[in-house]
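Enquirer: Take a look at this one; I'll ask things after.
The values are calculated or read from the model by the stated rules, or taken from the named source; none is laboratory data. Keep in mind that this is a model prediction, so the values were computed, not measured. Here the Cβ positions follow ideal geometry from the backbone for every residue, glycine too, while neighbour counts run over all protein chains shown. Quick note on the areas: whole protein, heavy atoms, side chains included, nothing else; ligands and nucleic acids left out. Shrake-Rupley method; radii C 1.70, N 1.55, O 1.52, S 1.80 Å.
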Amino acid sequence: MAAIVDHEFPIHGLLPKRETGAAAFLAKYPEYDGRGVTIAILDTGVDPGAPGLQHTSDGRPKIVDIIDTTGSGDVDVSTVVEPKDGEIAGLSGRTLKIPASWENPTGRYHIGVKNMYELFPKQLRDRTQKEKKEKTWDPPHRVALAEATRKLDEFDTAHPNPTAQDEKLQREDLQAQVDILTSQEKKYSDPGPVCDCLVWHDGNTWRAVLDTSESGDLESCTVLASYREHQQYATFSQLDMFNYSVNIYDEGKVLNICANGGAHGTHVACIAAGNFPDDPERNGVAPGAQIVAIKIGDSRLSTMETGSALIRAMIAVIDQKCDLVNFSYGEAAHWPDKGRVCDVISEAVNKHRVIFVSSAGNNGPALTTVGTPGGTTSSIIGVGAFVSPEMMTAEYSLREKLPSNQYTWSSRGPTIDGALGVSISAPGGAIASVPNWTLRGSQLMNGTSMSSPNACGGIALVLSALKATGVAYTPYTVKTALENTAQKVEGVEVFAQGHGVLQVEKAFDHLRQHADSAERNVRFSVAVNGGRGVHLRQALSQRKPTEMTVSIEPVYAEDIDANEKIALSIHVSLVSEVPWVHVPPCLELMNTPRTFVIKVDPRGLREGAHYTEVLGYDISNPHKGPLFRVPVTVVRPETVQDKVQYKVTSEKEVTFKPGQVHRRFIDVPLGATWAEFTIQSLSPETVGRFILHMVQLQPLSAYRTHESYKFFNLTELGEVSYTCPVLEGVTVEVCLARWWASLGEVNVNYSVTFHGLQPSITTLNLHAADGITRVDVKSPLKHEDVQPSIKLEHGVCPLRPSEFKIRPLGDRDVLPPNRPSYELVLTYNYHQTKTCEVTPHCPTLCDLLYESDYDSQLWMLFDSNKQLMGSGDAYPHQYNFKLEKGDYTIKFQIRHETKDLLEKLKDLTFLVQYKLPNALSLDVYPSKSNALLGKAKFGTQRCGIGVTAPMFITSLPDDKVPKAASPGHYLVGQISYAKAEPGKKTGKHKKKTDMATYPVHYVISAPPSKPKNGGKDKDKKDEKDPQEEFNEALRDFKIQWMSKLDSKAIYEELKELHPNHLPLHVGRLQALDNDKERLKQLDDIITAADAVIGQVDTAELASFLALKADTRSDAATIKVEMEKKKAALIDAVCRKGSAAADRILQALEGDAVGSTEMVKDLALVKETFEELLKWAEPMDMKVVSFTMKHAMVSSQYGRAIRAAQKILDDKPNKENERKCIELYRKVGWDHVARHSERWLPVRYPQSYTLF
């Protein structure tokens, strides 16, 4: 057996370095391994304790600094205290013991508190919660539940049919205990470790400590300084292995806890620069490079990047004088190469000579899917993801060795404004180190997130060599060298690989050979008719040759000598390698913009995508490659020839090998609104994994705006169909790709069929007051079945700010040179009427991040106790969460360096979208007459070619309008017009429908007014004379003021005049019961309650409530009066019983236990509770407080807890929470009490979370 084992493992394929020539370069130049180069890793954060990230190859600290620029790790430590007897009361409620060994000359400590679950990555949080539940919750809880169940069973055995009220209450108490414990088990959620934070100055520097013991034992905790000073970090516990460091800002008022929000950043850092002295085969690409780890993935947003984090990160990059940046993040932007974030990045590159390397995106295989900033920003080196045969074997364990290829998901160029998009490619997968909290040493990850650090590490090798040999360079000479020396991968299109796979040594040689060229300190900005290249995609633009003006502008850095600028003179040869692009032969370049005209004639090109470049060579040295490139992309769409079915077919079977991409570009027929794609396998033995990617491009819209992406398995001889909406007259790319690792060949046929139903109104804005709205629908292409359907699924509540503040930000937000930033914080108040899912967002700014003209946007939503419930930024669809009924505050931060731009937004509208319990439908009728009379609705109608089908949409009935919706709110949903075939899956056939839909906004109007007095006119004989009305108004006014003045004097005065006026006695009772000195007036409260009870004829009230129907003419008036009496009676009974119960509770705390008075009070409470049961349910919100006290004095703590929990649910505050904790201890559930106490600092923070 041993003889057939292959002892040679392809370890070089785990973290690929051979493909880029990095391994050969290091073998040739071992000291040029990244030494002298600092790489900033902008990511989720880097674990300083992860394998390979401790030291460089020459013994220096690997991680120079760790910075969290998101703000998610910030702790407000502005509260300053001094110890008493060596102790401090922490904000968590714990007592903190100050070690005698600590040096603090001032004696003052800044304190704060942090819930560490806010920083724990989700995977770690879930694991920790599970472990804590199993170790600290489950054992005592199981015992408590078993004991409660046993007691209930024993009672039921002894009392099979309890009839006495005491027995019923006793059983109810036991059942409540079982129910509560069962509920606690289901609702269990660990609040996480809540750490007190201390910051102080030891005379030399600021120090900080986290109470990771969670017991106040600070002696056992690690004292840290800002990481940059001593490269210190700590581990939260050996259980979680979660490493963190700190930074201290604003003179000790802000503590930042730096911890990685995910495994991504550590993996990226190890690819770029990991160093394993004892196992060098595991090294990253540049083991000698140092790292500045910058966390830009906000833990509040599941590690989503924010504009403010990125701008802060670039400030730190410049401050730390980093040579390189790796950025393995990105989003789809609506327009390329513009926006505040992109401007700041470009400024760092152009002015501070930072080389910025970024992932191109993982959104392929369709064209024009590169992400921002990596694929769309000129100053950045965008990297695509390539996979080699060695990687396939070592990382993915493929059975077959396939040829080198681009990963299927790697984003493709060009950009919508004509740039190539992908600069170079690098290996896009690696098995590398991950954070210690994962409890694994390494992990396989793939993506352009991995190709970017691989390329970045390779560039670090080049820079290390350049620095060691004294060769000058700029970001643009490096980028040019990389592109001019990259190695093309055979069979991979230029849109995917860019200029090819990075070649380290060739790039170094290129830079060394051409270091003294005239253009070494200049970059050439290329502009073509407002874009950065030529990109012709629509059929209309290709009917004749197009002439375009190209501008080439030399741009120097600010520190370049004027004489060098004057001396710039280059004779340029302009070259076009294809006959369909015509260019002038030459261009003279000097330090001024120069233009020339090119002509693109696409008429002779076959259908499909074509790419070329207009190249500008220095005639004196053409071997160094082009000085500049003008990218030219022409996409030739085909016209649909079938004018009956409007179907495009594959004509002949298509063979798909692993990773093969097949593209069709189709000019969507006028009138088409959706397309149906069908694919059929012709292979009887092979299953294929495929991606169908359809994209249409529109100006100033991201590719995802009109994108359909389907990942599916095509079974042997199987068939799959999908539909997706399309835009008429706009070229659609139909990209069908075989998954890169799907082995074997698959033969297929496919077709694309276009359909169309065109509504006269594309965005339907309805107002409830409109009554009936007409929409006309036409079928321009062929006969179609029309079956309109309107679904309203969400309501929207618009909010205006209640407060705004603009202030300058601190040192972390000062752009060089000395440009402070400002923040605008808007405050909104929101009331949630019932529990549901909400999506807060700001429509003015949302969906914009890199391309936004503002630095950033970030909102945080808090409950009435200042607990953070959720956060969100530019992309609202990512942040949905459930809110309970209650009042909420939204804080919305917008940042910019220009204060005036923030002033313009001080009245900005904010929206809260809430999900309706059930989708609402609007009725559609075939005629206005039917709509008016509510006759037959619109069913299914066959619509002929060019025929108009009118339809009439009615308003939502008043009884269907959601109660949460008030005037100014609106409902949102969609309308579809086509008859949708239900998705089906039968045998080998799968079909999924995604028809064309259009947005609907339905504005709520004022509800109908309710008639007063049951709609009846007031009888004249009931009218009062003015004097009588005045006397009654004066009486009622005095009653209102009883709670604020001497209520007894006013009461006695009014009692003389109105002895039988019920509201007077009610007012007196409420004034006494709400008084601050209530506990000293319990006897008076009972007396006042008896006075109220005495005013109510309970027999008359009971008789009225027993009536099935009241036929009297003034029945409505009588009903109102009786309801008032019932409410007053219930209120008085509860207040009386509560006062008597409080006397008992006071006695239990003193020496009066068992006294005659206490016995009488027990009887009074029992009697009062029995009286209450005649009129109200004991768990009704109005009476539940008395129910709780009755249970407490009866030692029935299960009933008491159930009531206390209901009070807490209605009014969540610390006082009500502590009452529950007190009752948990009374019943012996200490583990539940401890659990609830741990939640207190989380649910009731002293201040709002910092931005």
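Enquirer: Do we have SER92 as under 21 Å from ASP217 (Cβ atoms), within 29 Å of the chain's Cα centre (by Cα) and part of a loop (DSSP other than H, G, I, E, B) here?
Expert: So SER92 passes the test.
Enquirer: Could I ask something else about it? So in the range 782-826, with the set limited to residues that are in contact with a Phe, Trp or Tyr (Cβ under 7 Å, 6 or more places away or on another chain) and open to solvent by less than 10 Å² (accessible area, probe 1.4 Å), which one is farthest from HIS755 (Cα to Cα)?
Expert: Looking at the filtered set, the residue picked out is LEU824.
Enquirer: A further question on this structure: I'd like the full set of residues that are of a type in the set (S, T, N, Q) and surrounded by fewer than 24 Cβ atoms within 10 Å (Cβ to Cβ), limited to the range 444-458.
Expert: Within the range 444-458, just ASN446 meets the criteria.
Enquirer: Counting only residues that are open to solvent by 40 Å² or more (accessible area, probe 1.4 Å) and of a type in the set (S, T, N, Q), which one in the range 543-587 is nearest to PHE524 (Cα to Cα)?
Expert: SER569
Enquirer: So which residues in the range 1003-1033 are within 60 Å of the chain's Cα centre (by Cα), open to solvent by less than 80 Å² (accessible area, probe 1.4 Å) and modelled with pLDDT under 85, if there are any at all?
Expert: Across the range 1003-1033, the qualifying residues are ASN1013, GLY1014, GLY1015, GLU1032, ALA1033.
Enquirer: I'd like to know if the range 127-141 contains one or more residues that are assigned by the TED database to the domain that holds TRP200, within 20 Å of TRP437 (Cβ to Cβ) and of a type in the set (S, T, N, Q).
Expert: no
Enquirer: So which of THR633, THR655 is within 46 Å of the chain's Cα centre (by Cα) and either of a type in the set (Asp, Glu) or loosely packed, with under 15 Cβ neighbours inside 10 Å (or both)?
Expert: THR655
Enquirer: Out of the range 1069-1084, which residues are over 52 Å from the mean Cα position of the chain (by Cα) and more than 13 Å from LYS1136 (Cα to Cα)?
Expert: Across the range 1069-1084, the qualifying residue is only LYS1080.
Enquirer: Let me ask another. Out of all the residues in the range 878-902, which are more than 28 Å from ILE790 (Cα to Cα) and either out of contact with any Phe, Trp or Tyr (no Cβ under 9 Å at 6 or more places or on another chain) or of a type in the set (Ser, Thr, Tyr) (or both)?
Expert: Scanning the range 878-902 gives GLU884, LYS885, GLY886, TYR888, THR889, THR898, ASP900.
Enquirer: Out of the range 1085-1105, which residues are in a helix (DSSP H, G or I) and more than 25 Å from SER1047 (Cβ to Cβ)?
Expert: Correct list: THR1098, ALA1099, GLU1100, LEU1101, ALA1102, SER1103, PHE1104, LEU1105.
Enquirer: Could you identify the single residue in ARG127, ARG142 that is closer than 30 Å to ARG300 by Cβ, open to solvent by 40 Å² or more (accessible area, probe 1.4 Å) and either β-branched (Val, Ile, Thr) or modelled with pLDDT of 95 or more (or both)?
Expert: After ruling out the rest, the residue left standing is ARG127.
Enquirer: Please give the number of the condition TYR1224 fails out of (1) in contact (Cβ under 8 Å) with a residue 60 or more places away in the chain; (2) of a type outside the set (Asp, Glu); (3) under 26 Å from HIS1190 (Cβ atoms).
Expert: If we test TYR1224 against (1) in contact (Cβ under 8 Å) with a residue 60 or more places away in the chain; (2) of a type outside the set (Asp, Glu); (3) under 26 Å from HIS1190 (Cβ atoms), just (1) comes out false.
Enquirer: Read through the list (1) free of Cβ contacts under 8 Å to residues at least 12 places away in the same chain; (2) buried (at least 20 other Cβ atoms within 10 Å of the Cβ), then give the number of the only condition that ALA27 fails.
Expert: Every condition holds for ALA27 apart from (2).
Enquirer: Here are the criteria: (1) in contact with a Leu (Cβ under 8 Å, 6 or more places away or on another chain); (2) buried (at least 18 other Cβ atoms within 10 Å of the Cβ); (3) more than 27 Å from ASN529 (Cβ to Cβ); (4) of a type in the set (A, V, I, L, M, F, W, C). Tell me which single one LEU717 does not satisfy.
Expert: Among (1) in contact with a Leu (Cβ under 8 Å, 6 or more places away or on another chain); (2) buried (at least 18 other Cβ atoms within 10 Å of the Cβ); (3) more than 27 Å from ASN529 (Cβ to Cβ); (4) of a type in the set (A, V, I, L, M, F, W, C), the lone unmet condition for LEU717 is (2).
Enquirer: Restricting to the range 347-367, name every residue that is in a loop (DSSP other than H, G, I, E, B) and buried (at least 24 other Cβ atoms within 10 Å of the Cβ).
Expert: Result: ALA360, GLY361, ASN363, GLY364, PRO365, ALA366, LEU367.
Enquirer: While we're looking at this one, here's another question. Select, from VAL80, VAL143, the only residue that is touching a strand residue (DSSP E or B) at 6+ places or on another chain (Cβ under 6 Å) and not acidic (Asp, Glu).
Expert: VAL80
Enquirer: Go through (1) surrounded by fewer than 13 Cβ atoms within 10 Å (Cβ to Cβ); (2) in contact with a helix residue (DSSP H, G or I) (Cβ under 7 Å, 6 or more places away or on another chain); (3) among the hydrophobic types (A, V, I, L, M, F, W, C) one by one and return the number of the condition ALA1116 breaks.
Expert: Among (1) surrounded by fewer than 13 Cβ atoms within 10 Å (Cβ to Cβ); (2) in contact with a helix residue (DSSP H, G or I) (Cβ under 7 Å, 6 or more places away or on another chain); (3) among the hydrophobic types (A, V, I, L, M, F, W, C), ALA1116 violates only (1).
Enquirer: Filter the range 421-456 down to the residues that are free of Cβ contacts under 8 Å to residues at least 12 places away in the same chain and either outside any loop (DSSP other than H, G, I, E, B) or of a type in the set (Gly, Ala, Ser) (or both) and list them by number.
Expert: At the first step, the residues of the range 421-456 found to be free of Cβ contacts under 8 Å to residues at least 12 places away in the same chain are 440.
The answer is none; no residue qualifies.
Enquirer: Condition (residue is farther than 30 Å from PRO840 by Cα, at pLDDT 70 or above, touching a Phe, Trp or Tyr at 6+ places or on another chain (Cβ under 6 Å) and in a strand (DSSP E or B)) applied to the range 946-963: is it met by at least one residue?
Expert: Within the range 946-963, one or more residues are farther than 30 Å from PRO840 by Cα, at pLDDT 70 or above, touching a Phe, Trp or Tyr at 6+ places or on another chain (Cβ under 6 Å) and in a strand (DSSP E or B).
Enquirer: May I pose another question? Here are some residues: THR415, THR393, THR408, THR376. Which one is of a type in the set (Ser, Thr, Tyr), assigned by the TED database to the domain that holds LEU310 and not in a loop (DSSP other than H, G, I, E, B)?
Expert: One residue alone meets the criteria, THR393.
Enquirer: Taking the range 919-941 only, how many residues are part of a strand (DSSP E or B) and either closer than 23 Å to ASN765 by Cβ or modelled with pLDDT of 95 or more (or both)?
Expert: Going through the range 919-941 one residue at a time, the tally reaches 5.
Enquirer: Only one residue in GLY192, GLY112, GLY203, GLY107 is assigned to a loop (DSSP other than H, G, I, E, B) and either basic (Lys, Arg) or under 27 Å from the mean Cα position of the chain (by Cα) (or both). Which one?
Expert: After ruling out the rest, the residue left standing is GLY192.
Enquirer: Related question: Among the residues in the range 836-852, are any surrounded by fewer than 18 Cβ atoms within 10 Å (Cβ to Cβ), farther than 23 Å from LYS338 by Cβ, touching a helix residue (DSSP H, G or I) at 6+ places or on another chain (Cβ under 9 Å) and not hydrophobic (A, V, I, L, M, F, W, C)?
Expert: Looking through the range 836-852, none of the residues is surrounded by fewer than 18 Cβ atoms within 10 Å (Cβ to Cβ), farther than 23 Å from LYS338 by Cβ, touching a helix residue (DSSP H, G or I) at 6+ places or on another chain (Cβ under 9 Å) and not hydrophobic (A, V, I, L, M, F, W, C).
Enquirer: Further question: Residues of the range 560-600 being assigned to a loop (DSSP other than H, G, I, E, B) and hydroxyl-bearing (Ser, Thr, Tyr), which ones? Lay out the reasoning, then the answer.
Expert: Start the filter on the range 560-600 by keeping residues that are assigned to a loop (DSSP other than H, G, I, E, B), which leaves 560-561, 568-569, 577-580, 583-585, 590-593.
Hits for the range 560-600 are SER569, THR592.
Enquirer: Taking into account only those residues within the range 496-510 that are open to solvent by less than 10 Å² (accessible area, probe 1.4 Å) and part of a helix (DSSP H, G or I), which is farthest from TYR556 (Cα to Cα)?
Expert: ALA496
Enquirer: Quick check on this structure: which one of LYS1108, LYS1124, LYS1136, LYS1119 is assigned by the TED database to the domain that holds SER1194 and in a loop (DSSP other than H, G, I, E, B)?
Expert: None of the others qualify; the one that does is LYS1108.
Enquirer: I would also like to ask the following. Which members of the range 308-328 meet the condition of being under 23 Å from the mean Cα position of the chain (by Cα) and either surrounded by fewer than 24 Cβ atoms within 10 Å (Cβ to Cβ) or of a type in the set (Gly, Ala, Ser) (or both)?
Expert: SER308, ALA309, ALA313, SER328
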